[in-house]
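**Q** Handing you this structure, nothing more for now.
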Amino acid sequence: MSLGAFAIPGDLNLPTGGYGYDRAMLAALPELELVHLTDLGLDPDNAALERAARELAGTGPIVIDGLALGVLPAALLNSLNRPIIALCHHPLGLETGLAPDQATRLMESERAALSACAAVITTSERTGQILRTQFDVNDPVVIEPGIALRPVAARGNTPPTLLTLASFTPRKGHDVLLGALERVADLPWQAVWAGAEPDEAWLNRIEEVIAASGLGARITRRGPVSDKARDEMLAGADLFVLPTHYEGYGMVFAEAMMAGLPILACAGGAVPDVVPGAAGHIVEPGDVVALGDRLRALLTSQDQATRMAAAARAHALTLPSWSDQAALFAATIKRIAQ
């Protein structure tokens, strides 16, 4: 028996946390029908909206990923005549790098779209609070990501491998990371950066800054990688570092902790809720000096890095499984369907 539908825009296989959450829910809930939505972007025209209305047509409850829902007019959603459940990973208008007028427009659009939904699921209590205070969502349902067991990284590379798994977008802070790496250029290390490349202009800027830094030979940059390659990277790293400006949850931090990697990150969004202090260092977003200082501490104190690695693994083992979280997801859909 069908549980309902799950509408997801764009390429479901992209290696991002949001799409990873969606894939995990679909894998755990085979009775949930996948609806492929054509990518709408941030400013869909009338033709794109008409196509989306056709793709969303049907009966029964439907979960719509926030990447699409936030740009869909409330009138379109109401015209579907079916119970709609929003899945909000991260409000679109809070993306780093948006022009002020674009951010305002997206905030207003998403607020209106959410008002047309029978329920709103979000992936962290931090985002839930934002939805309550800035989007007038009275009772968001918080269903955090699950976590899968993975081997503990050996952490014995010479020089140490600093791993960053993140899309190449302004929000992820690769420029901040490069500034920190310049501050520890006197120490031995090698860095591996991998992730989706949705912003060509930003990617070009990062490549230019890497070239100008003189650190290009020590930084291996890769594009999107498969789940298998991602697992291998986590197993082969010594430290996970990602100075993101904001995360609605930050699944990759949980994955890195499960691999037993000490964490170096910024206190953007839900990151401090996901990464306990014993598992790594958390600095203020954009603070290159503090990030560099904490990186130096981890690279020069094996005892500190080992303690944090053990704490990271221990904390990850307390996190819920995907089957647990999928049961909550299904229960929310069933409640709305009644």
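**Q** For the stretch 262-280: of the residues being assigned to a helix (DSSP H, G or I) and within 21 Å of Leu165 (Cβ to Cβ), which is nearest to the chain's Cα centre (by Cα)?
**A** This residue is Val271.
**Q** Among the residues of the stretch 13-30, write down those that are touching a residue at least 60 places away in the same chain (Cβ under 8 Å) and charged (D, E, K, R).
**A** Passing the criteria: only Asp22.
**Q** Would you please list the contacts, defined by Cβ atoms under 6 Å and residues six or more apart or on different chains, that run from a residue in the stretch 324-338 that is surrounded by fewer than 15 Cβ atoms within 10 Å (Cβ to Cβ) to a residue that is small (Gly, Ala, Ser) and not in a helix (DSSP H, G or I)?
**A** Final answer for the pair search is none.
**Q** Now for a different question. Scan the stretch 281-338 for residues that are assigned by TED's automatic domain parsing to the domain that holds Gly268, assigned to a helix (DSSP H, G or I) and of a type in the set (Asp, Glu) and report the count.
**A** Adding up the residues that qualify gives 2.
**Q** Further question on the same structure: Give me the helices (runs of 4 or more DSSP H) completely within the stretch 127-238, filtered to those with at least 2 residues that are β-branched (Val, Ile, Thr), ordered by residue number.
**A** 200-213
**Q** Are any of the residues in the stretch 233-245 of a type outside the set (Asp, Glu) and modelled with pLDDT under 95?
**A** No, every residue in the stretch 233-245 fails to be of a type outside the set (Asp, Glu) and modelled with pLDDT under 95.
**Q** Filter the stretch 36-53 down to the residues that are of a type in the set (A, V, I, L, M) and over 21 Å from the mean Cα position of the chain (by Cα), then identify the one that is farthest from Leu98 (Cα to Cα).
**A** The extreme case among them is Ala53.
**Q** Moving on to the next point. Of all the residues that make up the stretch 260-288, how many are surrounded by fewer than 24 Cβ atoms within 10 Å (Cβ to Cβ), more than 21 Å from Asp175 (Cβ to Cβ) and in contact with a His (Cβ under 9 Å, 6 or more places away or on another chain)?
**A** 2
**Q** Taking the condition surrounded by fewer than 17 Cβ atoms within 10 Å (Cβ to Cβ) and of a type in the set (Asp, Glu), does Asp101 pass?
**A** yes
The values are calculated or read from the model by the stated rules, or taken from the named source; none is laboratory data. Quantities reported herein were computed from a predicted structural model and do not represent experimental measurements. Positions of Cβ are backbone-derived with ideal geometry, glycine not excepted, and every protein chain shown enters the neighbour counts.
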